[in-house]
Amino acid sequence: MTTEITVDMTRLTGGWVRARSLAERLVAVALVDRPAFAPTKVAHYALVFARFVPTWCSIGATGAGRLNRYFARTRRELGEGSAYLTLLAVDPEAQGRGFGRELVEDALSLSRSARVTSLGLDTENPRN
């Protein structure tokens with residue numbers, strides 16, 4: 001359920017969802033949050049809030065607060081006009097075949113075409 005909510009929230013806020021398949025099996029996914037929205041897109045925030053409510057209920061106010069502070073801090077560190085590679089996941093059986101690199105290159109290309117000033121990635125994997 002959390003994965004579905006994350007994908008939905010990325011789409012609702014105008015982000016990019018990219019995926020790669022191998023023999024009709026999903027092997028890699030990337031989610032990119034675009035830079036902050038114009039005030040005219042307030043309806044998107046309302047939809048995101050409504051979609052986030054089930055997650056908030058499952059992780060509680062403390063967990064939701066931590067998550068919100070984390071997102072605020074990481075986005076603030078990038079600066080205005082920056083996109084953020086929120087998720088990059090490759091099936092362990094498909095790793096080492098270039099799927100992750102392909103998705104990162106795709107995110108960079110999308111960012112350039114949208115005139116995004118930078119693309120951030122927060123990772124726990126030192127190889128990244």
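The values are calculated or read from the model by the stated rules, or taken from the named source; none is laboratory data. Computed from a predicted model, the values in this text were never measured in an experiment. Because the Cβ atoms are built from the backbone with ideal geometry, glycine has one as well, and the counts that use them run over all protein chains shown. Note: accessible area is taken over every heavy atom of the protein model, side chains too, but ligands, DNA and RNA are not part of it. Shrake-Rupley method; radii C 1.70, N 1.55, O 1.52, S 1.80 Å.
Do we find that residue 21 is at pLDDT 65 or above and in contact with a strand residue (DSSP E or B) (Cβ under 8 Å, 6 or more places away or on another chain) in this structure? It is true that residue 21 is at pLDDT 65 or above and in contact with a strand residue (DSSP E or B) (Cβ under 8 Å, 6 or more places away or on another chain). Of all residues in segment 74-96, those satisfying the criterion of being open to solvent by 90 Å² or more (accessible area, probe 1.4 Å), farther than 17 Å from residue 14 by Cβ and in contact (Cβ under 8 Å) with a residue 24 or more places away in the chain are 77, 93.
On the given criteria, is residue 71 at pLDDT below 90, crowded, with 16+ Cβ neighbours inside 10 Å and either more than 18 Å from residue 10 (Cα to Cα) or not charged (D, E, K, R) (or both)? No, not satisfied.
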